[in-house]
1. Quick one: which of GLY86, GLY61 is more than 29 Å from GLY158 (Cα to Cα) and at pLDDT 95 or above?
2. Take ALA66 and tell me if it is buried (at least 22 other Cβ atoms within 10 Å of the Cβ) and assigned to a strand (DSSP E or B).
3. Restricting attention to the stretch 205-227, which residues are open to solvent by less than 60 Å² (accessible area, probe 1.4 Å) and under 16 Å from ASP180 (Cα atoms)?
4. With the stretch 92-191 as the region, which strands (runs of 3 or more DSSP E) entirely inside it contain at least 1 residues that are open to solvent by 70 Å² or more (accessible area, probe 1.4 Å) and in contact with a strand residue (DSSP E or B) (Cβ under 9 Å, 6 or more places away or on another chain)?
5. Restricting to the stretch 244-277, count the residues that are in a strand (DSSP E or B) and more than 30 Å from the chain's Cα centre (by Cα).
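The values are calculated or read from the model by the stated rules, or taken from the named source; none is laboratory data. Owing to the predicted nature of the structure, the values given are computational and were not obtained by experimental measurement. Don't worry about glycine lacking a Cβ; one is built from the backbone with ideal geometry, like all the others, and counts go over all protein chains shown. Ligands, DNA and RNA are stripped out before the accessible areas are found, and what is left, the full protein with its side chains, is counted by its heavy atoms. Shrake-Rupley method; radii C 1.70, N 1.55, O 1.52, S 1.80 Å.
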Amino acid sequence: MRIRATVAAVSGALALSALAVPAAQADHAPRPTGLSAALAAAPDVKAAAGDTEITKAVVNGGKSLALGTSAVKTVTAEVTSTDPEGIYEIHAFLWNGPGSDIDQAKGFFPAKSQTGTCSVVNSTTTTCKYTFEIDPLLMRNTTAGTWKLWASGIGADGDSATNASAATFKILRAGKLTTDASPEPVRKGKTVTVKGKLSRANWDELKYAGYSGQKVKLQFRKKTSTTYTTVKTVTSNSTGNLSATTTATVDGYFRYTFAGSSTTATVTATGDYVDVR
């Protein structure tokens with residue numbers, strides 16, 4: 001009974017995702033909230049039943065994912081579960097929402113394979129690997145940030161353990177950053193003006209837009225060096241534009257770099273060379 005209960009919960013969630021995708025692709029509307037209904041209709045498998053345990057879980061190697069506005073990106077997750085009688089199956093999916101209550105889910109991605117690709121570690125332990133395709137079309141700006149891995153291990157004896165937040169990782173809005181230093185060339189001791197723009201993916205509209213009010217560092221490296229040093233920090237304006245001035249001293253490269261935020265990935269512009277005469 002426990003095995004059927006757990007599979008029912010996961011299958012319901014996966015079935016829901018299949019129904020949600022066409023609607024999202026049609027007009028990029030928010031995903032339906034039927035995930036909570038699908039899980040609520042299934043028997044409760046949120047608490048551990050017996051001596052099955054989920055001992056390890058990781059998504060994307062623990063690294064954040066920067067997602068743009070068009071390209072679908074792939075991430076993997078690994079879940080390890082153990083039971084004295086061995087493991088029958090492991091299931092997993094990604095979700096976004098507050099706390100550990102799936103009823104509050106705002107976003108959802110199923111694995112390409114419901115049961116993953118599994119390897120038996122020993123008589124009690126199994127590790128399964130899952131692949132997820134993260135499509136910007138199915139994201140909203142409000143779902144940028146921390147995502148969670150729901151995982152359930154099912155023992156060969158019917159025991160089970162489920163963790164709605166077995167692992168976490170971040171899906172962040174990808175950034176773009178430009179640098180343009182002028183004049184080129186410039187006389188030594190004269191002023192160099194460095195302009196640029198910070199923008200980031202807007203998943204609601206599937207295009208990039210200026211990112212305002214952000215601290216961005218202007219950096220410089222000499223032509224003969226491989227190391228950039230920070231010259232000053234500027235703040236992007238209401239349209240994401242940047243502007244800073246400095247004094248020309250030697251030949252070298254200027255660039256802007258942004259450290260990222262809770263919703264937006266780090267990004268560094270390509271250096272722009274200035275010839276000082």
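1. GLY61
2. Against the criterion (buried (at least 22 other Cβ atoms within 10 Å of the Cβ) and assigned to a strand (DSSP E or B)), ALA66 does not qualify.
3. VAL216, LEU218, GLN219, PHE220, ARG221, listed by residue number.
4. Answer list for the stretch 92-191: 117-120, 125-134, 160-173, 175-182.
5. Count: 9.
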